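Student: Please read through the structure below; I'll follow up with questions.
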Protein chains: 2
Amino acid sequence: METRQSGPVGRPRGFDADEALERAMLVFWEHGYEGASLAGLTNAMGISTTSMYAAFGNKEELFRKALERYTEGPSAYLARALEEPAALGVATAVLAGVIRTTTRPAHPHGCMGVQGALASGDSGREVRDLLAAWRNNGCSRLRERFQRAVDDGDLEPETDPGLLARYVTTLAFGIAVQAASGVGREELQRMADAALRNWPIV
Amino acid sequence: METRQSGPVGRPRGFDADEALERAMLVFWEHGYEGASLAGLTNAMGISTTSMYAAFGNKEELFRKALERYTEGPSAYLARALEEPAALGVATAVLAGVIRTTTRPAHPHGCMGVQGALASGDSGREVRDLLAAWRNNGCSRLRERFQRAVDDGDLEPETDPGLLARYVTTLAFGIAVQAASGVGREELQRMADAALRNWPIV
DNA sequence: CGAATTTTGTATCGATCGATGCGGAAGTCG
DNA sequence: CGACTTCCGCATCGATCGATACAAAATTCG
């Protein structure tokens, strides 16, 4: 006797939720949280507002999920960079990753974590704080990685891991702003190379 | 016979336009172009929408004038820094100025030129481009200043002024993002000191 | 004074904002 | 089959958006 695969009860979804979330992420990335309208979002996602609310809750929840997707997708270079064996390699990989992601052709320029809601009106305050925490989290993970490098002897004992992390993230966020302004990939990479030439900056 | 001072014909303005513009600048600085509503702006300015439109044109014109005021006010450190005698002094003054302005207590954190409209919806596209040009102009003026330093022998002949300008502005924009995220003044200053310790970065 | 000019206060405009109500469509269950 | 559950298309909600119409108020000019 064959056990039939039992699908979920009710009418099945007429769209791919992952694909729709990817489209929403791109819209948020390009226009920011408040700059992305429900009409623009649902139009890009190819679904109606009803379907969006049923599947994702509301606009803010959609943004939160889009940010998670961004973190694990375009921004995954950070997690990979943290696994580099040496501190300099970590810093180099972070900057190279930021530059590649923020200047990719056919993708929005800049970083969603920076331009998603750097300043906002009342309706975007929570998302703005969420992104601030997202950025600070990136800095913290980098600091912890550099602390480990100090503990392992990769970095001199007197080096300040927090200062190095702040330096690298400041460059990363600055690169994101430059990319949003239209600055090209090659120029940014040359600048990043020079910025890490005297590593660690102490 | 006394010559009477002849004022402008018509009912005189009941508010100080400079003071109102200052208030509007602060609102744009804190909430960004699209995040600042007409109601919030006019409320902070202490005038009605009618008076705002009569005095400044419309929201976009108001922002342009607020940006000019920001350039000559909170952002005046750039013009002063360019007059420093040595290239290192210029870079040091730019970063110190950015840090002071973006972390001033009782003022909005961050830089109006960065968070005013880094990403935007359709209605903010022109302002977004205006700010991108504003940022690129800052980088260009810095590059010209470093070129002069090369010509004067202050910097080695083989140094790339454009690369140095891109480095300093990237740090400046990154600092603006960090300040918007709540990072403190002292930590940013320590980081900036370290970033310029190996000047010029070649 | 009265005519002309400009500003101000109030009230409101059409458009768009994010978010929902509702009935029919499309499936799984018994 | 009929009952049940879920999703979708359409219409629309109240609030807010930026922007104006209109008339009274306040000033200069003749």
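Every read-out reported here was derived from the displayed coordinates using simple, explicitly stated rules and does not represent laboratory data. Since we're looking at a predicted model, the values are computed, not measured. Cβ placement follows ideal geometry from the backbone for every residue including glycine, while neighbour counts extend to all protein chains displayed.
Student: Under unit Cβ charges (Lys, Arg +1; Asp, Glu -1), what dipole magnitude, rounded to 20 debye, does chain B have relative to its Cα centre?
Tutor: 460
Student: Send over the per residue convex hull volume for chain A, Cα only, as a whole number of Å³.
Tutor: Per residue, the Cα convex hull of chain A comes to 162 Å³.
Student: I'd like the per residue volume of the convex hull spanned by the Cα atoms of the stretch A:103-202, given in cubic angstrom.
Tutor: Given the Cα convex hull of the stretch A:103-202, per-residue volume reads 107 Å³.
Student: Moving on to the next point. Under the rule that an exposed site lies in a DSSP loop and has at most 16 other Cβ atoms within 10 Å, name the longest stretch of chain B with no trypsin sites (Lys or Arg not before Pro) of that kind, not counting the sites themselves.
Tutor: The segment B:14-196 is the longest one with no such site.
Student: Kirkwood hydrodynamic radius for the stretch A:1-52: how many Å is it when counted over pairs of different Cα atoms?
Tutor: For the stretch A:1-52, the Kirkwood estimate is 12.7 Å.
Student: Simple spin-label model, 7 Å along Cα-to-Cβ: A:Q189 to B:D16 in nm?
Tutor: Result for the modelled spin labels: 5.4 nm.
Student: Relative contact order of the stretch B:24-84: what whole-number percent is it, with Cα pairs under 8 angstrom and at least 6 residues apart?
Tutor: Relative contact order comes out at 35 percent.
Student: Each residue of the stretch B:129-144 in order: what ³J(HN,Hα) in whole Hz does its phi give by Karplus 6.51 cos²θ - 1.76 cosθ + 1.60, θ = phi - 60°, with x for Gly and Pro?
Tutor: Karplus values, whole Hz, x for Gly and Pro: 5, 4, 6, 4, 5, 4, 5, 5, 5, x, 5, 5, 5, 5, 4, 4.
Student: For the stretch B:1-120, count all C-alpha to C-alpha pairs, find those more than 23 Å apart, and express that count as a whole percent of the total.
Tutor: Result for the distance tail: 42 percent.
Student: Follow-up question, since we're still on this one. Relative to the Cα centre, what is the charge dipole magnitude of the stretch B:96-173, using +1 at the beta carbon of each Lys and Arg, -1 at the beta carbon of each Asp and Glu, and rounding to the nearest 20 debye?
Tutor: With only Lys, Arg, Asp and Glu charged at Cβ, the dipole is about 460 debye.
Student: Quick one: helix A:185-195 against the long Cα principal axis of chain A, what's the angle to the nearest 10°, folded into 0 to 90?
Tutor: On a 0 to 90 degree scale, this one is about 40.
Student: For the protein assembly as shown, take the convex hull of the Cα atoms, compute a quarter of its surface area, and give me that in nm², please.
Tutor: It is 28.7 nm².
Student: Can I ask one more? Toward the positive end of the charge dipole of chain B, about the Cα centre and with charges on Cβ (Lys, Arg +1; Asp, Glu -1), which of B:T92, B:P108, B:S75 goes farthest?
Tutor: Final value for the positive-end residue is B:P108.
Student: When the distances between all Cα atoms of the stretch B:21-92 are binned every 10 Å from zero, what whole-number percent does each bin get?
Tutor: Answer for the stretch B:21-92: a P(r) of 20, 42, 19, 14, 5 percent.
Student: Something else: What is the Cα coordinate range of the stretch A:76-150 on the first, second and third principal axes, sorted by size from largest, in whole angstrom?
Tutor: Principal axes ranked by extent give 43, 30, 13 Å for the Cα atoms.
Student: Sticking with this one: With charges set only on the Cβ (+1 for Lys and Arg, -1 for Asp and Glu), what does the dipole of the protein assembly as shown come to about its Cα centre, in debye to the nearest 20?
Tutor: 820
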